[in-house]
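> Pasting a structure below so you can have a look.
The values are calculated or read from the model by the stated rules, or taken from the named source; none is laboratory data. Given the structure is predicted, the values throughout are model-derived calculations rather than measurements. Methodologically, a virtual Cβ is constructed for each residue, glycine included, from the backbone with ideal geometry; neighbour enumeration extends over all protein chains shown. When the accessible area is computed, the model is the full protein with side chains, heavy atoms only, and any ligands, DNA or RNA have been set aside. Shrake-Rupley method; radii C 1.70, N 1.55, O 1.52, S 1.80 Å.
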Amino acid sequence: MKTENEFKDFFNSQFQSYAADAIKQRSKYVRKIFLNYFYAILSILVLISFSIALSIKNFNWENLSIVYKVLAVLVFIAGVSLIAIFFMKTRKLKNEFSNYYKNKIVMNIVKFIDKNLEYNPNEGINAQEFSSVDLFNKPFNRYFSDDLIEGTLDKTHIKFCEIHAWYEQENNDKKDIDKVFDGLLIKVDFNKNFKGKTYVLPDKNDKTYTYFFGLGEKKNTHWGELIKLEDIEFEKEFAVFADDQIEARFILSTSLMRRLIDYKRKVDKKIRLAFINSWIYLAIPFKERLFEPNLFGRLVTYDVVVQYYHIIQLSLSIVDELNLNTRIWGKE
Amino acid sequence: MDMFSIIIIVLIVAVIIFPLMIYNALIRRKNQVENTFASLDALLKKRYDLIPNLIATVKNYMEFEKDTLTKITELRTKAISSNLTTEEKVELNNEITHAIGKVQVAVENYPDLKSSQNFLQLQASLNEVEEQISAGRRAYNAIVTQYNNAVEMFPSNIMAKLMGFKRRGVFTINEQEKQNVDVKNLFKQ
């Protein structure tokens, strides 16, 4: 793993040539995008003038000959089409620059951190897998995932990507959006074999007891039975659900509980974990889009790119933080 | 119906329903304890199955630890053949854990054995099953603590007494295991 000081050195040396190229490329794209905006605005102005002309009081549409009527309709269609084309072209240009930026800037940062890591800006974890992990117990009908980073750190395979999932529905001509998850999903190979499902969720999900003179019965929840663990600090931070309580304790050994508390404090966000089929899925929420270029603001300054470094290091550090390269429990 | 009759009916219902609920809760707790111990027992059996492999793998190398190996075999035979109480099983398994630990420490003295593929695989399986047993013990302790709370806390303690339910012991790490492993002493034995 590279330290932040090493990253700073990399930024001040080798990275500067990538940064200069990226700034040049951005100017090129911004010029093209502005030109498109200009044409789009021009088309809108033509259409507005056209509409004003048609709505002049003395003007009578019925008196126009068929040729003028056809011409008017054609001008209108052409205007609307041009606006659509300009906006589509702008979108395409933005995507092109985003691809360039990710393949040049983000890729080099990833390779600097660990040259064995693979980065695929246009790939992610598919919706079926995200849905089957079931970390959120909320339906979604819109989903996208990109910026997949994947590799093997010593004995542990890890991949992580950005995910956005939400539920969208039309309600009286209004779009209702119910967000399910925005952030990073990390999938890591766990160092023990297990078959069931164990969930470690923020503690607010812990309200599942029905008390009756201390004889309270644990309700079965969507994620399985609520498991009360011995570590009081861990219990304050998380609620654990599982379909097999011995397996849950096999996974969440006393040392792993401590390590998870430390990791949660380091991340300082409401993390969720699922242990499924000998894999760990870890969801870290982020409000903003990750690894996206800023067309009109700071692009490759240190404060921007060091964020990428922190996000990647945070994701990779789970392997060491949870001691996943210790393979003494029968799993290679 | 006047107020007095309603109060009487509510009281009668409470007098019947309330003890019934406590009774059911206590039974549920007792069954949970038995269920969890059965799961733990299955894990202990998994370890008994590994012991013959361990003996077969290490006996040719470890001439000086023959006594320990014989003891493990005896403990295993006792554990799988006898009709033991829960407490006896716990005690016996503590001894097995200790004896296997001794073998694993002694292996450090035999580099050939330590690096043999057979032993490495066996050690991984043993570590896995030990970790599972440890998880099983923690689960058992959590369930027994809930059961013990129900048996000792008011008002369920009254019903528990009538039903003859008694406090159960939890797994504790014995003194031998608590102490740090003293390698020198292990080899002197």
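> Residue under question is B:Asn157, and the condition is that it be at the interface with another protein chain (Cβ under 8 Å from one of its Cβ atoms) and at pLDDT 85 or above; does it hold?
No.
> Same structure, new question: For the range B:128-154, name all the residues that are touching a helix residue (DSSP H, G or I) at 6+ places or on another chain (Cβ under 6 Å), aromatic (Phe, Trp, Tyr) and facing chain A (nearest Cβ under 9 Å).
Matches in the range B:128-154: B:Tyr140 only.
> Is it the case that some residue within the range B:78-92 is under 23 Å from B:Ala124 (Cα atoms), at pLDDT 85 or above, assigned to a helix (DSSP H, G or I) and over 16 Å from the mean Cα position of the chain (by Cα)?
no
> Taking the range A:299-332 as the region of interest, how many residues are more than 21 Å from the chain's Cα centre (by Cα) and either among the aromatic types (Phe, Trp, Tyr) or farther than 30 Å from A:Lys155 by Cβ (or both)?
The qualifying residues number 3.
> Confirm whether A:Arg258 is without any contact (Cβ under 8 Å) to a residue 40 or more places away in the chain, among the charged types (D, E, K, R), open to solvent by 70 Å² or more (accessible area, probe 1.4 Å) and in contact with a Phe, Trp or Tyr (Cβ under 8 Å, 6 or more places away or on another chain).
Details: without any contact (Cβ under 8 Å) to a residue 40 or more places away in the chain: yes; among the charged types (D, E, K, R): yes; open to solvent by 70 Å² or more (accessible area, probe 1.4 Å): yes; in contact with a Phe, Trp or Tyr (Cβ under 8 Å, 6 or more places away or on another chain): yes.
Yes, satisfied.
> Report yes if A:Ile284 is modelled with pLDDT of 95 or more, away from chain B (no Cβ under 14 Å) and open to solvent by less than 30 Å² (accessible area, probe 1.4 Å), otherwise no. Write out each step before concluding.
On the way: modelled with pLDDT of 95 or more: yes; away from chain B (no Cβ under 14 Å): yes; open to solvent by less than 30 Å² (accessible area, probe 1.4 Å): yes.
Here the answer is yes, as A:Ile284 does meet what is asked.
> Quick check: anything in the range A:276-284 over 24 Å from A:Ser145 (Cβ atoms), part of a loop (DSSP other than H, G, I, E, B) and not aliphatic (A, V, I, L, M)? So that I can check it myself, show each step before the final result.
The initial filter retains those residues of the range A:276-284 that are over 24 Å from A:Ser145 (Cβ atoms), namely none.
No, every residue in the range A:276-284 fails to be over 24 Å from A:Ser145 (Cβ atoms), part of a loop (DSSP other than H, G, I, E, B) and not aliphatic (A, V, I, L, M).
> Still on this model: Kindly indicate the residue of the range A:103-123 that is assigned to a loop (DSSP other than H, G, I, E, B) and over 19 Å from the mean Cα position of the chain (by Cα) and also surrounded by the fewest Cβ atoms within 10 Å (Cβ to Cβ) among those meeting that condition.
Of everything passing the filter in the range A:103-123, A:Lys115 is surrounded by the fewest Cβ atoms within 10 Å (Cβ to Cβ).
> Got at least one residue in the range B:3-19 being of a type outside the set (A, V, I, L, M, F, W, C), within 11 Å of chain A (Cβ to nearest Cβ) and touching a residue at least 24 places away in the same chain (Cβ under 8 Å)?
No.
> Run down B:Ala99, B:Ala135 and say which single residue is modelled with pLDDT of 85 or more, under 28 Å from A:Asp244 (Cβ atoms) and assigned to a helix (DSSP H, G or I).
Exactly one of B:Ala99, B:Ala135 is modelled with pLDDT of 85 or more, under 28 Å from A:Asp244 (Cβ atoms) and assigned to a helix (DSSP H, G or I), namely B:Ala135.
This table checks each residue for (1) among the hydroxyl-bearing types (Ser, Thr, Tyr); (2) open to solvent by 90 Å² or more (accessible area, probe 1.4 Å).
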site: A:Phe10; (1), (2): no, no
site: A:Ser13; (1), (2): yes, no
site: A:Ser17; (1), (2): yes, no
site: A:Arg26; (1), (2): no, no
site: A:Tyr29; (1), (2): yes, no
site: A:Phe34; (1), (2): no, yes
site: A:Phe38; (1), (2): no, yes
site: A:Ile41; (1), (2): no, yes
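> Still on this model: Do you know which residues across the range B:110-127 are open to solvent by less than 50 Å² (accessible area, probe 1.4 Å), out of contact with any Leu (no Cβ under 9 Å at 6 or more places or on another chain) and within 11 Å of chain A (Cβ to nearest Cβ)?
B:Ala124, B:Asn127
> Continuing with this model, one more query. Only one of these is surrounded by 12 or more Cβ atoms within 10 Å (Cβ to Cβ) and more than 21 Å from the chain's Cα centre (by Cα): B:Leu44, B:Leu26. Name it.
After ruling out the rest, the residue left standing is B:Leu26.
> Using beta carbons and a limit of 9 Å, which pairs, at least six apart or on different chains, have the first residue in the range B:78-99 and under 20 Å from B:Arg167 (Cβ atoms) and the second one surrounded by 13 or more Cβ atoms within 10 Å (Cβ to Cβ) and small (Gly, Ala, Ser)?
Listed pairs, sorted by first residue: B:Lys89/B:Ala79.
> Continuing with the same structure: Out of the residues in the range A:136-152 that are hydrophobic (A, V, I, L, M, F, W, C) and surrounded by fewer than 20 Cβ atoms within 10 Å (Cβ to Cβ), which is nearest to A:Leu185 (Cα to Cα)?
At the first step, the residues of the range A:136-152 found to be hydrophobic (A, V, I, L, M, F, W, C) are A:136, A:140, A:144, A:148-149.
Okay, now just the ones that are also surrounded by fewer than 20 Cβ atoms within 10 Å (Cβ to Cβ), so A:136, A:140, A:144, A:148.
Working: A:Phe136: 12, A:Phe140: 16, A:Phe144: 12, A:Leu148: 10 Å.
The residue in question is A:Leu148.
> Next question, about the same structure. Can you confirm whether the range B:142-154 contains a residue that is part of a helix (DSSP H, G or I), in contact (Cβ under 8 Å) with a residue 12 or more places away in the chain and over 30 Å from B:Lys30 (Cβ atoms)?
For the range B:142-154, residues part of a helix (DSSP H, G or I), in contact (Cβ under 8 Å) with a residue 12 or more places away in the chain and over 30 Å from B:Lys30 (Cβ atoms): absent.
> Let me ask another. Could you list all residues from the range A:85-99 that are open to solvent by less than 50 Å² (accessible area, probe 1.4 Å) and touching a helix residue (DSSP H, G or I) at 6+ places or on another chain (Cβ under 9 Å)?
A:Phe86, A:Thr90, A:Leu93, A:Phe97
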